[in-house]
Amino acid sequence: MRYDLFVSPWIGHHASRILLTAFAAQVAYTAADLLVGLPSRLAFGLELGWTTTVLHAGLALLLHARGPLCERCIAEMPLDGSARAERYRRNLTTVHWIRTHRWGWIGIAAATIGLLGLARHAGLISEQIEALLYAGPVMWVVLSLARHSQLQPWCPQCRGNGGGDYNDHPIAGPRPSLALSC
C-alpha cells in the first residue's frame, strides 16, 4: 500500500520522534496547567493542536511500519544490530505481545482508562494527573514500535518469519533427478 497518498513519507519516517515530542509537550502542558493554570482559549488551542498532531503522526507511524523500509530507515540501521536487539529485548517483546494479543492489550487499555476515569470522578486524582498517567505507557509503546522498526532484522521473535536473516530451515541442495542423460 502506498502510504504517501495519505501522509508524507518524511512524517512517516519521523513519526515516532514527533509522537514522543508531542507526549513530552503534553506532560509539560499538563504540569504547567496543574501548577499555574492556563487560560481556557490557550488550553483549547494546545489540546486541539496536540490531538491533530498525535492523530496524524500516529497514522503515519502505523502506515510507515507496514510499508517497505524507506531509504532513511536503511541508512539509519545500526552496525551493532544484534547487540542493540538484545539490549532492547523488552521493547521488541512488547511489540510482538501487542501484535499477537490484540484483544488482550485492548482490554488492558480499556480497564486502565476505566479505572483512571473512576479514580478521577471519585476525586482521588485530578484530570491532569490522569493525563500524566496515560502518557507513560503510550510513550513506551511508541518507543517500542520505533525500536522494532529499526531492529527488525535482528529481532529474535521475527527470525524465521521473514523478519530476520536467521532461518531454521536451510534450503536443501538440489536433488539428483532420474532423467536420462544422452
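The values are calculated or read from the model by the stated rules, or taken from the named source; none is laboratory data. Keep in mind that this is a model prediction, so the values were computed, not measured. As a convention, Cβ positions derive from the backbone with ideal geometry for all residues, glycine included, and neighbour counts pool all protein chains shown. These accessible areas exclude ligands, DNA and RNA; they are computed on the full protein's heavy atoms, side chains included. Shrake-Rupley method; radii C 1.70, N 1.55, O 1.52, S 1.80 Å.
Things to note:
- THR112 meets the stated requirement of being more than 17 Å from the chain's Cα centre (by Cα), in a helix (DSSP H, G or I) and in contact (Cβ under 8 Å) with a residue 12 or more places away in the chain.
- Residue in the stretch 92-101 that is modelled with pLDDT under 75, open to solvent by 90 Å² or more (accessible area, probe 1.4 Å), within 19 Å of the chain's Cα centre (by Cα) and within 23 Å of PHE23 (Cα to Cα) present: no
- Unique residue being assigned to a helix (DSSP H, G or I), without any contact (Cβ under 8 Å) to a residue 60 or more places away in the chain and within 17 Å of HIS148 (Cβ to Cβ) when the list is GLY104, GLY58: GLY58
- Scanning the stretch 61-83 for residues that are open to solvent by 80 Å² or more (accessible area, probe 1.4 Å) and either over 20 Å from HIS148 (Cα atoms) or assigned to a helix (DSSP H, G or I) (or both) yields LEU62, ARG66, GLU71, ARG72, ILE74, ALA75.
- Residues within the stretch 125-155 that are closer than 12 Å to ASN91 by Cβ and not in a helix (DSSP H, G or I), tallied: 1
- Flag if ARG41 is of a type in the set (D, E, K, R), in a helix (DSSP H, G or I) and over 18 Å from the mean Cα position of the chain (by Cα): yes
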